[in-house]
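Since the structure comes first, as structure tokens, the remarks are kept for the end.
The values are calculated or read from the model by the stated rules, or taken from the named source; none is laboratory data. The shown structure was predicted, so the numbers you read here are calculated from the model rather than taken from an experiment. Cβ coordinates were reconstructed from backbone atoms using ideal geometry, including for glycine residues, and neighbour counts include every protein chain displayed. The protein model used for the area step is the full one, side chains on, heavy atoms only, and it has no ligands, DNA or RNA in it. Shrake-Rupley method; radii C 1.70, N 1.55, O 1.52, S 1.80 Å.
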Amino acid sequence: MPRWLWILLASSLAALLWATTRDDYAPPAMREGAAVRCVPPEGNVDIRVPLQTPASPAMPPFRLADHEVTPLAGFAIEARVLAREDYRFDRNAAISPTDLALGWGRMAREEFYEPLRISQSGRWYFYRWGSEGPPLPLDEIIASSANMHMIPADAGVAEALSRVRPGQTVRLRGWLVEVRGADGWTWRSSLSREDSGNGGCEVVYVCALASY
């Protein structure tokens, strides 16, 4: 076989393997297809505070496998990744494989978040401090950090999400959503950055994501 044909076949095989691997990053529901083009919300992102905009006709409710997804608000953020946790076996993992705990404002600065012992479990984000007390007022920690459930809109976003690591800065655009399953299960995003506890996390349908 001519050398050029070997090279062509090898290149084609590598491209196929890359595409297959890329799809593997996607959660099961996304691999079944979403009948919508993810349109990022407009607006300039200020690193001091996340951007939230009204819901838009550009993103009507849509189907994601056996789920109905309703965009509640546009969302964009640039923040420090305080922690990440991947999920494979809970009910939510069918659409959201990863939670990111994100910090912005002073919670994006190492001198303020590093004294905290940060962890994630069961779709929650936890922080503790030692005898010296919290590095910031508790209200500020609550208002400038959050656990966010990521729903990648396509295989490219899913792959980018798989590369995100704690300590990086992440920049994303998407929509805060409510998800309803055919079995009656419901997952609704918080629409406030100042809440905490049950219902205080953001559920983000991510149109675009970059980390550095």
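Summary table
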| item | result |
| --- | --- |
| Sparse-neighbourhood loop sites, GluC sites (Glu not before Pro) in segment 41-145 - DSSP loop, at most 15 other Cβ within 10 angstrom | Glu42, Glu132 |
| Asp90-Asn198 pseudo-label distance in nm [points 7 Å out on the Cα-to-Cβ vector] | 1.4 nm |
| Neighbourhood net charge (11 Å Cβ-Cβ; Lys/Arg +1, Asp/Glu -1) for Ala108 | +1 |
| Net charge over other residues, Cβ less than 10 angstrom from the Cβ of Ser211 (K, R count +1; D, E count -1) | +3 |
| Carbon/sulfur fraction of accessible area - segment 45-162, other protein chains in place, 1.4 Å, % | 53 percent |
| Sparse-neighbourhood loop sites, chymotrypsin sites (Phe, Trp or Tyr not before Pro) in segment 95-139 - DSSP loop, at most 14 other Cβ within 10 angstrom | Trp129 |
| Spin-label model distance (nm) - Ser56 vs Arg163, 7 Å beyond Cα toward Cβ | 2.5 nm |
| Computed E for Ala65/Asn44 - FRET, C-beta separation, R0 30 angstrom, nearest 0.05 | 0.35 |
| Over segment 67-124, equivalent-ellipsoid semi-axes from the Cα gyration tensor in Å | 25, 17, 7 |
| Label-point separation in nm, Arg171 to Trp124, each point 7 Å along Cα→Cβ | 3.5 nm |
